[in-house]
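Chemist: Please see the structure below; I have some questions.
The values are calculated or read from the model by the stated rules, or taken from the named source; none is laboratory data. This is a predicted model, so every value here is computed, not measured. So basically every Cβ, Gly included, is an ideal-geometry build from the backbone, and we count neighbours across all protein chains shown. Each accessible area value is taken on the protein alone, full model and side chains, heavy atoms only, with ligands, DNA and RNA left out. Shrake-Rupley method; radii C 1.70, N 1.55, O 1.52, S 1.80 Å.
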Amino acid sequence: MPQQFDTGTAGLRASVDGAVATLVLDRPERRNAVTGAMWRALPGVLDRLATAPGVRVLLLTGANGTFSAGADISELTRVYADPDLADTYHAENVAAEEALAAFPHPTIAVVHGHCVGGGCQLAAACDLRFVAEDALLGITPAKLGVVYPAVPTVRLARLVGPARAKYLLFSGELVGARRAELFGLADEVLPADRLDARAREFAELLATRSPQTIGAAKAALAADDPAAALAPWERKSRQSPDVREGLAAFLERRQPKF
């Protein structure tokens, strides 16, 4: 039975079930648009989930068949009335996305319905994206005149390549799941009625794999200097029990217990 996790913030709902934590963007009346309060709360919520006993994987999704319509546009009118307030707002966006990208365990965005703007930024900050066949994804600042910060812009380009990042950012058009998969914005595309079960199944698979191997891969792939990022992990791997357990399990034809 999932254990409910108090996020302390309206619009964010979380639970822990075994090794899998689930964080839900939960404002269905506004298609899960992300408020300023939610952006500000995300780093702290993610930090607490990361250290919750037994958690090895995080699923990020949205309530009621929609991932997220993005930032709450009604707030942006007020935010952009003051340049300093706009600076603060975007810094909070970046802090939330960076906290998600730095989560120490694998993260999977489970995308139903619309995944737009800031919602798509959050999905892009996850390690993987499992997407329903009928989902629509897009990043829409060009429709609003908003200039995205460097961090999400570069993250998108690293994920899909510069040309496709330009396609998405210049046009603001939404793309279907199959095209998102072609772009590299979706890692698995499934019928909507199978998506949640498949994401959970994959999360449980990841929870059986070596946290040492996964942590090292995350560190290297996020770093400007992969060799330097990997060095402490490589040294640790020479001394920790993970490799000995993995080799013993292989020879004994059993599942390893990392």
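Chemist: Before I look further, what does the chain give for accessible area per residue, probe 1.4 Å, in whole square angstrom?
Modeler: Details: 12730 Å² over 258 residues.
Averaged over the residues of the chain, the accessible area is 49 Å².
Chemist: Let me ask you something else. Select from A86, P43, F170 the residue farthest towards the positive end of the dipole of the stretch 36-194; place +1 on Cβ of Lys and Arg, -1 on Cβ of Asp and Glu, and compute about the Cα centre.
Modeler: The residue sitting farthest along the positive end of the dipole is F170.
Chemist: Given charges of +1 on the Cβ of Lys and Arg and -1 on the Cβ of Asp and Glu, with all other atoms neutral, how large is the dipole of the chain about its Cα centre, in debye to the nearest 20? Working shown, then result.
Modeler: Numbers: 28 positive and 30 negative charges, 129 e Å.
For the chain, the charge dipole is close to 620 debye.
Chemist: Listed highest first by mean packing, meaning other Cβ atoms within 10 Å per residue, what order do 117-128, 59-70 come in?
Modeler: Working: 117-128: 25.0, 59-70: 23.3.
Most protected by this proxy first, the peptides run 117-128, 59-70.
Chemist: Something else: Can you tell me how the stretch 23-139 classifies by the Cα gyration tensor, rounded, prolate or oblate, using a/c under 1.5 as the rounded cut? If you can, show how the numbers build up before the last one.
Modeler: Values: a/c = 1.98, a/b = 1.22, b/c = 1.62.
Oblate, because a/c is 1.5 or more while a/b does not exceed b/c.
Chemist: Antiparallel DSSP bridges in the chain: what percent, to the nearest 5?
Modeler: Details: 11 of 33 bridges.
Around 35 percent antiparallel, to the nearest 5.
Chemist: Which sequence of M1, M38 reflects their accessible areas, 1.4 Å probe, from the largest down?
Modeler: Details: M1 205, M38 0 Å².
The residues order as M1, M38, largest area first.
Chemist: Around H112, under 9 Å between beta carbons, what's the net of Lys plus Arg minus Asp minus Glu among the other residues? If you can, show how the numbers build up before the last one.
Modeler: Working: positive: none; negative: D134, D196.
It works out to a net charge of -2.
Chemist: For the chain, please report how many Lys pairs fall under 21 Å Cα to Cα, leaving out neighbours fewer than 8 apart on the same chain. Each step should come with its number before you reach the end.
Modeler: Details: K143/K166; K218/K236; K218/K257; K236/K257.
Within the chain, the lysine pair count is 4.
Chemist: From Cα pairs below 8 angstrom and at least 6 apart in sequence, can you work out the relative contact order of the stretch 3-207, rounded to a whole percent? It would help to have the intermediate numbers written out before the result.
Modeler: On the way: 404 pairs, mean separation 40.0, N = 205.
Result for the stretch 3-207 is 19 percent.
Chemist: Across every pair of different alpha-carbon atoms, what Kirkwood hydrodynamic radius in Å does the chain reach? Mind showing how you got there, number by number?
Modeler: Numbers: mean 1/r = 0.0525 Å⁻¹.
Kirkwood hydrodynamic radius for the chain: 19.1 Å.
Chemist: Ok, one more. Just to make sure I understand: if all protein chains stay in place, what is the order of H90, H114 by accessible area at 1.4 Å, largest first? Can you show the working numbers first?
Modeler: Numbers: H90 30, H114 60 Å².
Descending order: H114, H90.
Chemist: Hey, any idea what % of the chain's accessible area is carbon plus sulfur with a 1.4 Å probe? All intermediate terms of the calculation are to be shown ahead of the outcome.
Modeler: Details: 7250 of 12730 Å².
About 57 percent, which is the carbon plus sulfur part of the accessible surface.
Chemist: Further question on the same structure: Please arrange W233, W39 by accessible surface area, largest first, computed with a 1.4 Å probe and ligands excluded. Numbers along the way, then the final one.
Modeler: On the way: W233 70, W39 5 Å².
Sorted descending by solvent-accessible area, the residues read W233, W39.
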